[in-house]
Each structure stands twice: as C-alpha cells, then as structure tokens.
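Right, one structure below, let's go through it.
Each reported figure results from applying straightforward, stated rules to the coordinates on display, with no laboratory input. Not measured: the values here are computed from a predicted model. Glycine gets a Cβ as well: all are built from the backbone with ideal geometry, and neighbour counts include every protein chain shown.
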Amino acid sequence: MVALSRPINKTKMLEYVAELNWDNQSGGEINIRNFPPIKLDTPVEFGGKGKYPCPDELFVSAIGGCLLTTLLLFQRKWDLRPDAIQISVNGTVDYLGPEGYRLSGIEATINIKAAEGKKMGLKKCAELAREYCHVTRVLEEVIPVRFLIKIL
C-alpha cells in the first residue's frame, strides 16, 4: 500500500449521517447536512411510482463516487490532470425466493482519457482508487466486486 502524505487523524472516527423522511407515497427524501434534499422512490415493479432513483441506484452511485473521489485524491497528489474520467457501476440483485432479494455482485469500470505522457500515472491512480476505496473494500468481504480500468 502507498502511504498518504497527510494521514487522517487516526484517533478520530469519521461519521456520516443521513436523515430520511417518507413522502407519504412510495418514496422519500434524504437530508444530508445542509445540501439540497435527494429524492428516492420505489421502482414501479415493486409497487412504487419510480419517479426518482431507488436505493439500489443510489447505492451503486455511492460506490462510483467513492472510487472517483479516491482516484482524484491521487491524481491531485501527483499533479496528473486527465482529459476525462467516467466511472460506471453495475450492481446485480438476485431473487432468492421467499426470503427476498440480495445484492450478489458489483462491477465497476473506470474509463480515463488522458494525454500519452500521463496514461501510466493515471492508471496507477485508478489502481490505487480500487485499493483505497473504503466502500468497495467492505463490499469485497461479502460479495464479488470486479474492476475494469480502461485508459484511452
């Protein structure tokens, strides 16, 4: 593992808080700090209106967000500016029968477009994002997580 130049205070734990309120229909609203609320809804196939992202879509978005911000941490550290970064995350949910559904796998693809002289460094940033993303590290303990890195 690569040591970070400014370690986070190891004696203080980070805590993230979200408050959810039901919309009196088939979804709700997520409130995080002073940010604008994020709406969510139940998919139509489960009796909802499907007007907003469902929790599964928000979950895979959080995985992609962790990979992106972790990649950007290393990109800034090494002053490697890409032309573009695009991350797609697919989550597979399997029906288990009477016991319900279960997330069974995640596949994340990191696409980076960069000038020729920066491609190898940015590939290393993507590899480190995979290694350091704390969200995928937890998931890898319970379900398969597959990563693809493409440098264009």
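Along the chain, the exposed loop sites are chymotrypsin sites (Phe, Trp or Tyr not before Pro) outside DSSP states H, G, I, E and B with at most 14 other Cβ atoms within 10 Å, and the longest stretch free of them is 79-152. Once you reduce the range 81-152 and the range 23-51 to the center of their Cα atoms, the two points are 26 Å from each other.
Among the listed options (1) 42, 40, 27; (2) 44, 37, 27; (3) 52, 33, 29, the one matching Cα extents along the principal axes in Å as calculated from these coordinates is (3).
Rounding to the nearest 20 debye, state how big the charge dipole of the chain is about its Cα centre with +1 on each Lys and Arg Cβ and -1 on each Asp and Glu Cβ. Intermediate results must be reported in sequence, preceding the final value.
Working: 20 positive and 18 negative charges, 197 e Å.
Taking the Cα centre of the chain as origin, the dipole is about 940 debye.
Ranked for footprinting exposure by Cβ neighbours inside 10 Å, fewest first, Thr69, Thr109 give Thr69, Thr109.
A Förster radius of 30 Å combined with the Cβ-Cβ distance from Asp94 to Glu116 puts the calculated FRET efficiency at roughly 0.10. The calculated 222 nm mean residue ellipticity attributable to helices in the chain amounts to -9000 deg cm²/dmol, summing -39500 (n - 2.57) over DSSP H runs of n ≥ 4 and dividing by all residues. Derived scalar couplings between HN and Hα for the range 29-46 equal 9, 9, 10, 10, 6, 9, 6, x, x, 10, 8, 9, 8, 7, x, 4, 5, 10 Hz in order, rounded to whole Hz, by the Karplus curve 6.51 cos²θ - 1.76 cosθ + 1.60 (θ = phi - 60°), x for Gly and Pro. Among all the lysines, which ones have a C-alpha under 25 Å from Lys124's C-alpha, if same-chain residues fewer than 8 places away are not counted? Within reach: Lys77, Lys113, Lys150.
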